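What follows is calculated from the coordinates using simple rules that are stated; it is not laboratory data. Predicted model only: the values in this text are computed from it and were never measured. Reconstructed Cβ throughout: ideal geometry from the backbone, glycine too, with neighbour counts over all protein chains shown.
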Amino acid sequence: MVGHRDHDATGTASIYRRGDGSAVVALEDIDIEPGPDYRVFVVRGPDGESPGDGTELDGLRGNQGTQYYEVRSDIDPGSGWTVLVWCRAFGVPVANATQSAV
């Protein structure tokens with residue numbers, strides 16, 4: 001993960017495929033600067049910095065550690081998608097990572 005707009009962030013984001021074809025986003029060993037109302041999105045294309053027409057997965061459950069987020073079955077994220085942490089309170093990107101599907 002890479003921090004944006006003076007936000008510090010480290011860690012890894014991956015999109016994992018299960019045997020049944022469903023997908024899960026993993027934020028692994030993250031350390032993201034704390035802030036209000038952070039949301040996790042998957043966004044089409046590399047290096048996304050705005051939720052635009054992306055899909056919100058959930059609120060960030062904590063700013064450190066490892067977390068998993070289910071992806072709705074009608075969304076098919078894959079190589080080249082961006083996992084984005086967005087601050088809804090201030091309308092700014094906090095961190096992102098462009099992914100390869102695993």
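Annotations
- For semi-axes √(5λ) of the Cα gyration tensor in Å, calculated from these coordinates, the label among [x] 20, 14, 12; [y] 33, 13, 8; [z] 25, 17, 12: [x]
- Rel. contact order, % - alpha carbon contacts under 8 angstrom, at least six apart, the chain: 35 percent
- Dipole axis of the chain (+1 Lys, Arg; -1 Asp, Glu on Cβ), positive-most option in ALA9, GLN64, GLY54: GLY54
- Dipole check for the chain: with +1 at the C-beta of Lys and Arg, -1 at the C-beta of Asp and Glu, and the Cα centre as origin, the magnitude is about 180 Debye.
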